[in-house]
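Participant: Here's a structure for you.
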Amino acid sequence: MRVSAVILSLAATPVAGDFSLAQPIDCALGETCFIQQFLDNDPQGGARDYTCGSLTYDGHGGTDFALPSLIDQAAGVNVLAAASGTVTGVRDDMADVMQIGPDAPDITNRQCGNGLVIRHIDGFETQYCHMALGSIVVKTGQQVSAGDVLGQVGLSGDTQFPHLHLSVRRHGKKIDPFNTDGLQTCPDPTSPSLWAQELDAPRGGIISIGMADAVPAFDAIKAGTADTPATADMPAMVGWGHLFGVRAGDMVRIVITRPDSTTFEHTTTLDRTQARVFRAYGKRKPQGGWPEGRYNLAIFHLRGDAVIDQSTAVYSID
């Protein structure tokens, strides 16, 4: 992610008591990782996150801390214990294969993939899912402290992108660490939080942006390989943006500024609420090729009059 997302600090003061949670993944929220989905707070069969937003899906039982690309996952990102406790179960025998292709393995009753459960005080337990095969470094019965490394983010189980799924339960009942009483007090959530420090909660945003010589394949964007250098003879100059948490009616604006300060730009209105999308826009190579100089790419995620997120990058042709 090139620029931190425009985000809201929505976590309230931690709930009274001795139990609290630390961030369970070793990354910078809004910079090198982001929260893509929250626990579903709608008891009526719909889907609604704790802010009454759409960053969830029906029946989603935890918080998803996502990485921008497969390259980031392959580099290794540690999963951390969110609180002190005792490891009560571990699984570490499932392949890191996303559930979006013909080679996806059978994960019946193993949707969590590789992961573990930690029992804490006061009836709390946390579960960590979709970890990388062979990465888990703790064993059943082991005592851990908050912040201890448990393993690394992977792609095992029921996953379509690299992320850590964290579930929190108390006396066997799932609870939302951002909204422990389960009540909806939108648009300004005030419910007690379990987080020891406020976590920035997004309303959606930009995962990554880049330039290419044609509209890239979505698989290349998700892999982290779609961004290419600008050259004078590239057949087209195409700017693209990879976004998450978009809603129907949101807009994506792509602006490319040439060295002479003239621009070419396009705004697209999205017609569906989706977990992830990408949009691209560009121009064909002019006669004589692209002039030397700096080209500025800017991507904006707009919702009504609000700028949800924006990101910029600079490309030079010498």
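Participant: List the strands (runs of 3 or more DSSP E) that sit entirely inside the range 85-196 and contain at least 1 residues that are under 21 Å from PHE38 (Cβ atoms). Before you say what the answer is, go through the steps one by one.
Facilitator: Details: elements: 85-91, 114-119, 124-131, 149-152, 163-170, 173-175.
Qualifying strands (runs of 3 or more DSSP E): 114-119, 124-131, 163-170, 173-175.
Participant: So GLN184 ticks every box in (1) open to solvent by 40 Å² or more (accessible area, probe 1.4 Å); (2) in contact with a Lys or Arg (Cβ under 9 Å, 6 or more places away or on another chain); (3) at pLDDT 95 or above but one. Which box is left unticked?
Facilitator: Unmet condition: (3).
Participant: Also, I was wondering about something else. Quick test for you: out of HIS163, HIS130, pick the one residue that is touching a residue at least 40 places away in the same chain (Cβ under 8 Å) and closer than 26 Å to PRO43 by Cα.
Facilitator: Details: HIS130 fails: touching a residue at least 40 places away in the same chain (Cβ under 8 Å).
The unique qualifying residue is HIS163.
Participant: Given the residues SER167, SER261, SER193, which is the only one that is closer than 30 Å to SER84 by Cα, hydroxyl-bearing (Ser, Thr, Tyr) and modelled with pLDDT of 95 or more?
Facilitator: SER167
Participant: Within the range 255-290, restricting attention to residues that are within 21 Å of the chain's Cα centre (by Cα) and not in a loop (DSSP other than H, G, I, E, B), which residue is farthest from ILE100 (Cα to Cα)?
Facilitator: It comes out as ALA280.
Participant: Go through the residues of the range 82-97 one by one and say whether even a single one is under 23 Å from ALA28 (Cα atoms) and under 21 Å from the mean Cα position of the chain (by Cα).
Facilitator: Yes, the conditions are met somewhere in the range 82-97.
Participant: Every residue in the range 35-45 that is open to solvent by 10 Å² or more (accessible area, probe 1.4 Å) and within 16 Å of ALA275 (Cβ to Cβ), please.
Facilitator: GLN37, LEU39, ASP40 - these are the residues of the range 35-45 that are open to solvent by 10 Å² or more (accessible area, probe 1.4 Å) and within 16 Å of ALA275 (Cβ to Cβ).
Participant: If you go through the range 130-177 one residue at a time, how many are more than 20 Å from the chain's Cα centre (by Cα) and within 16 Å of LEU194 (Cβ to Cβ)?
Facilitator: Qualifying residue count for the region: 8.
Participant: A further question on this structure: Let me confirm something: among GLY224, GLY245, GLY239, GLY210, which residue is open to solvent by 10 Å² or more (accessible area, probe 1.4 Å) and either in contact (Cβ under 8 Å) with a residue 60 or more places away in the chain or small (Gly, Ala, Ser) (or both)?
Facilitator: The conditions single out GLY224.
Participant: Looking at ALA298 and the list (1) modelled with pLDDT of 95 or more; (2) out of contact with any strand residue (DSSP E or B) (no Cβ under 7 Å at 6 or more places or on another chain), which single condition is not satisfied?
Facilitator: Every listed condition holds for ALA298 apart from (2).
The values are calculated or read from the model by the stated rules, or taken from the named source; none is laboratory data. From a predicted model like this one, the values you see are computed outputs, not experimental measurements. Here Cβ is always computed from backbone atoms with ideal geometry, including for glycine, and neighbour counts include all displayed protein chains. In case anyone asks, the SASA skips ligands and DNA or RNA and just uses the protein heavy atoms, side chains included. Shrake-Rupley method; radii C 1.70, N 1.55, O 1.52, S 1.80 Å.
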